[in-house]
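One structure is given below, encoded as structure tokens.
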Amino acid sequence: MKENIKYCHIPDEGDLSFFFDHVHISCNEQISLHQQKTWELSYVICGKGMRVIGDTIEAFESDEIILIPPNIPHYWSFNENETDREGKIENITLTFSEKLLKDAKGAFDMLREPIHNIQQINNAISFSGETLRKLQKILLKMKHESEIERLSSLIKIFALISTPEIAATVGKPVVIDKRSQRLQKIYLFVMDNYQHNITLEQVAEHVGMEKTAFCVFFKKMTGNSFFTFLANYRINVACDMLIKTTKTIAEISIDAGFRDVPYFNRVFKELKKTTPGKYRLDPDFISV
């Protein structure tokens with residue numbers, strides 16, 4: 001089982017107006033849940049798993065690029081089995097400050113409209129189509145550029161993200177009070193450990209609660225029991241693998257945290273109203 005995830009706040013990058021970071025690391029070296037005052041553009045070059053951005057938890061795959069406005073908590077949980085040949089994941093993170101946007105808008109007339117459009121973005125968004133392809137090309141090129149060259153590339157990025165061809169909301173801001181922070185710690189614990197056996201005692205201890213109090217808290221916050229949530233999460237992970245991989249149903253059952261295939265089939269049918277095999281053939285199936 002993975003180590004406990006700590007909620008952390010990433011400090012601003014000093015006086016840097018923008019910061020480019022390219023990493024090729026093992027899954028367990030990925031930074032934990034964090035937020036910062038800067039804007040962030042995140043490009044997953046290699047890796048798959050689940051991510052939490054603000055109020056949203058969903059699956060992600062390689063090649064995605066996400067723009068995250070300031071002060072939205074976010075975290076990527078990478079699958080240990082979805083890495084490159086070296087057993088590592090790879091991503092690029094570009095951060096830039098609100099001050100940089102304001103200064104650039106005031107200094108260059110041609111940037112006023114693009115930067116104004118960027119500043120109107122309140123939710124985290126993902127890019128598709130030609131915008132995504134152009135952003136990927138620029139970010140990969142920035143790995144080999146000097147700081148001056150990267151500044152030129154940054155201006156091109158501003159133009160692209162200000163009027164994206166296709167963009168989808170992948171997370172909205174949340175207010176992190178003590179209860180919400182505790183609930184996010186539970187979600188992150190599940191994201192990182194769903195493949196293993198999880199007991200009430202373990203997750204309750206993780207958030208510093210007694211087991212009975214934990215059950216009452218989780219039910220009150222979500223409307224479901226913890227094990228109902230866990231089963232739904234594991235089945236949703238399995239659905240993603242059924243669609244996006246060629247793994248057998250038995251392999252998917254194990255990878256999703258079920259140790260018994262008949263039990264996996266039973267839970268899957270109960271929640272999705274169809275069998276794993278039929279779902280793979282027709283993921284848009286709706287039971288009547």
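The values are calculated or read from the model by the stated rules, or taken from the named source; none is laboratory data. Note that this is a predicted model, so its numbers are computed, not measured. Note: ideal-geometry Cβ built from the backbone for every residue, glycine included; neighbour counts use all protein chains shown. For the accessible areas, the whole protein counts, side chains as well, though only heavy atoms, and no ligand, DNA or RNA atoms are used. Shrake-Rupley method; radii C 1.70, N 1.55, O 1.52, S 1.80 Å.
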Next on the checklist: Which of Gln202, Gln36, Gln184 ends up with the largest GNM mean-square fluctuation for the chain, with Cα atoms connected below 10 Å?
Outcome noted: Gln202
Checklist entry - Which order do Asp109, Asp21 take when ranked by solvent-accessible area (1.4 Å probe, heavy atoms of all protein chains), largest first? => result Asp109, Asp21
Checklist entry - What's the carbon and sulfur percent of the chain's accessible surface, probe 1.4 angstrom, rounded to a whole number? => result 52 percent
Next on the checklist: For Ser77, what residues show an amide H to amide H distance below 5 Å, using hydrogens built from the backbone and excluding near sequence neighbours?
Outcome noted: Met50, Arg51, Val52
Checklist entry - Could you give the Stokes-Einstein D for segment 92-216 in µm² per second, using the C-alpha Kirkwood radius, 4 °C, 1.567 mPa s? => result 72 µm²/s
Checklist entry - Among the lysines, which fall within straight-line cross-link reach of Lys278, defined as a Cα-Cα distance under 17 Å, with same-chain neighbours fewer than 8 residues apart omitted? => result Lys244, Lys247, Lys269
Checklist outcome for this item: Excluding residues fewer than 8 positions from Lys143 in its own chain, the aspartates and glutamates with Cα under 14 Å of it are Asp21, Glu90
Item to check | Ranked order, Cys46, Cys239, Cys215 - accessible area, probe 1.4 Å, largest first | outcome: Cys215, Cys46, Cys239
Checklist entry - Out of Ile157, Ile66, Ile235, any idea which swings most in a Gaussian network model of the chain, alpha carbons joined below 10 Å? => result Ile157
Item to check | Cα-centred dipole magnitude for the chain, charges only on beta-carbon of K, R (+1) and D, E (-1), debye, nearest 20 | outcome: 880 debye
Checklist entry - Once you sort the root eigenvalues of the Cα gyration tensor of the chain as a ≥ b ≥ c, which label holds: rounded (a/c under 1.5), prolate (a/b larger than b/c) or oblate (the other case)? => result prolate
Next on the checklist: Tell me which chymotrypsin sites (Phe, Trp or Tyr not before Pro) from segment 39-128 have a DSSP coil assignment and no more than 13 other beta carbons within 10 Å of their own.
Outcome noted: Phe108
Checklist outcome for this item: A correct Karplus calculation of ³J(HN,Hα) over segment 175-189, with 6.51 cos²θ - 1.76 cosθ + 1.60, θ = phi - 60°, whole Hz and x for Gly and Pro, returns 8, 8, 8, 4, 5, 5, 5, 5, 5, 5, 4, 5, 4, 5, 4
Item to check | Separation of alpha-carbon centers, segment 243-288 and segment 174-191, rounded to whole Å | outcome: 28 Å
Checklist entry - Over 29 Å between Cα atoms, which of Lys37/Lys156; Lys105/Lys141; Lys185/Lys272; Lys156/Lys178 qualify? => result Lys156/Lys178
Checklist entry - Which of the listed residues, Met50, Phe217, Ile31, is farthest toward the dipole's positive end in the chain, when Lys, Arg count +1 and Asp, Glu count -1 at the beta-carbon? => result Phe217
Next on the checklist: Which residue fluctuates most in the GNM of the chain (Cα springs below 10 Å): Asp55, Asp63, Asp103?
Outcome noted: Asp103
Next on the checklist: With every protein chain left in place and a probe of 1.4 Å, what is the accessible surface of Arg266, to the nearest 10 Å²?
Outcome noted: 140 Å²
Checklist entry - Residues of the chain: accessible area per residue at 1.4 Å, in Å²? => result 52 Å²
